[in-house]
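First comes the structure, then the notes that go with it.
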Amino acid sequence: MTRAVVGIIGGSGVYDLPGLANLRRERVTTPWGEPSDELCFGELGATQAVFLPRHGRGHRLSPSTINYRANIDAMKRAGVTDLISVSACGSFKSELFPGLFVLIDQFVDRTFTRQSSFFGDGCVAHVSMAHPIAPLLSARIGAAAKAEGIDHIAGGTYVCMEGPQFSSYAESLTYKGAGYDVIGMTAMPEAKLAREAEISYATVAMVTDFDCWHPEHDNVDIASVIAVVQKNSATVARLLARVLTDFPREHEPCPIGSDRALDNAIITAPEARDPELLKKLDAVMGRVNAG
Ligand SMILES: CSC[C@H]1O[C@H](OP(=O)(O)O)[C@H](O)[C@@H]1O
Ligand SMILES: Nc1ncnc2[nH]cnc12
């Protein structure tokens, strides 16, 4: 039995988590560098929660320079079993309107400047990303949204661009034509790293704009994104509070094995592994090393 600890990574406009009891902030250092900010530990009901603002308080960090490895490693060290990622996103479909929450089930990774793995020379691993979202966790978010009467839709493909510039019109039309639902700049490599760290992961993406393809809507800009996030900040807080209040005590084994992703993923022979890299992997590989 593993005690459930729910991590929450807040995106643009979500820099704290209201309502946590016994709040404690702690700077966690990791072998991968500094996380975006101090971790915020607390409880909601009987559930232990750990909150981290992805861009840091004051939104200091760009999507390209966020230390995603440090953020996920810090969550792992904090005992997080289930991680909810909150993101603002642009929409490629008229029916996905600003203010709607999309419970993502697929990603397309178009980032190209980021460290996207904990593994590498000296310890090579290939985890499955066929189904990047932990279905029970996402279903819990859906149930909480339903119980709170919050507009949401289950399922959607999020294309992660490098940024920080928004897309060109041609790019926007291309993504729309490909059938993608929403776009953002941060879910990758966050989701990949969570999988490598055997943390069940789910993304709740709040639609903030129609990017730049929609003939009847202005092109996305920061002001419009932040206006929508601020207008809906109480709704985000209410959704997360309900998820946490209703969360089971014990971590539910993930039906697609996201919490056991390293079983059969590491290909480097034990005797060929680099001890220095293994040291850095102490948290990420904790379960497999413990046997
Ligand atoms: C502030 S607009 C662009 C910015 O917002 C999204 O951030 P997050 O996913 O952390 O909510 C998007 O990915 C960009 O980083
Ligand atoms: N249109 C958009 N493109 C990329 N990231 C976003 N975050 C919010 N809206 C976005």
Practice prompt. Within the stretch 129-206, report the chymotrypsin sites (Phe, Trp or Tyr not before Pro) that DSSP leaves as loop and that have at most 12 other Cβ atoms within 10 Å.
Written response: none
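Classify the stretch 126-236 as rounded, prolate or oblate, taking a ≥ b ≥ c as the square roots of the eigenvalues of its Cα gyration tensor: rounded when a/c is under 1.5, otherwise prolate if a/b is larger than b/c and oblate if not.
Details: a/c = 1.93, a/b = 1.24, b/c = 1.56.
Taking the square roots of the gyration eigenvalues as a ≥ b ≥ c, the stretch 126-236 is oblate.
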Discussion item. Please list 3J(HN,Hα) in residue order for the stretch 12-27, calculated via the Karplus relation 6.51 cos²θ - 1.76 cosθ + 1.60 where θ = phi - 60°; whole Hz, with x for glycine and proline.
Written reply: 4, x, 10, 10, 8, 10, x, x, 6, 8, 6, 5, 9, 9, 9, 7
Practice prompt. Give the total of Lys-Lys pairs in the chain with Cα-Cα distances below 27 Å; include a pair only if its members are 8 or more places apart or on different chains.
Written response: 12
Practice prompt. Between residue 2 and residue 264, take the C-beta separation as r, use R0 = 30 Å, and let me know the FRET efficiency to the nearest 0.05.
Written response: 0.90
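So how do 76-85, 230-239 stack up, highest first, on mean other-Cβ count within 10 Å?
76-85, 230-239
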Fill in: Estimated inter-spin distance, residue 24 and residue 230, nm [label 7 Å along Cα→Cβ]
3.5 nm
Worksheet item: Using θ = phi - 60° and the Karplus curve 6.51 cos²θ - 1.76 cosθ + 1.60, what whole-Hz ³J(HN,Hα) does each residue of the stretch 243-257 get, with Gly and Pro shown as x?
Response: 4, 5, 4, 8, 6, x, 4, 9, 5, 7, x, 6, x, 9, x
Worksheet, complete the sentence: For the chain, the longest principal axis of the Cα atoms and the Cα long axis of helix 135-147 enclose an angle in degrees, to the nearest 10, of 40 degrees
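Take the Cβ-Cβ distance between residue 43 and residue 139 as r, set R0 to 25 Å, and report the resulting FRET efficiency rounded to the nearest 0.05.
Calculated value: 0.65.
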Fill in: For the chain, share of DSSP beta bridges that run antiparallel, in % to the nearest 5
40 percent
Fill in: Among 204, 124, 50, residue whose mean-square fluctuation peaks in a GNM of the chain (springs only between Cα atoms under 10 Å)
124
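With the Cα gyration tensor of the stretch 1-134 giving a ≥ b ≥ c as the square roots of its eigenvalues, does the rule (a/c under 1.5 for rounded; else a/b larger than b/c for prolate; else oblate) give rounded, prolate or oblate? Walk me through the intermediate numbers first.
Working: a/c = 1.38, a/b = 1.05, b/c = 1.32.
Note, shape of the stretch 1-134 comes out rounded.
Each value in this text was obtained by applying a stated rule to the coordinates, not by laboratory testing. Because the structure is a prediction, the values reported are computed rather than measured. Note that each Cβ is placed from the backbone with ideal geometry, even for glycine, and that neighbours are counted across all protein chains shown.
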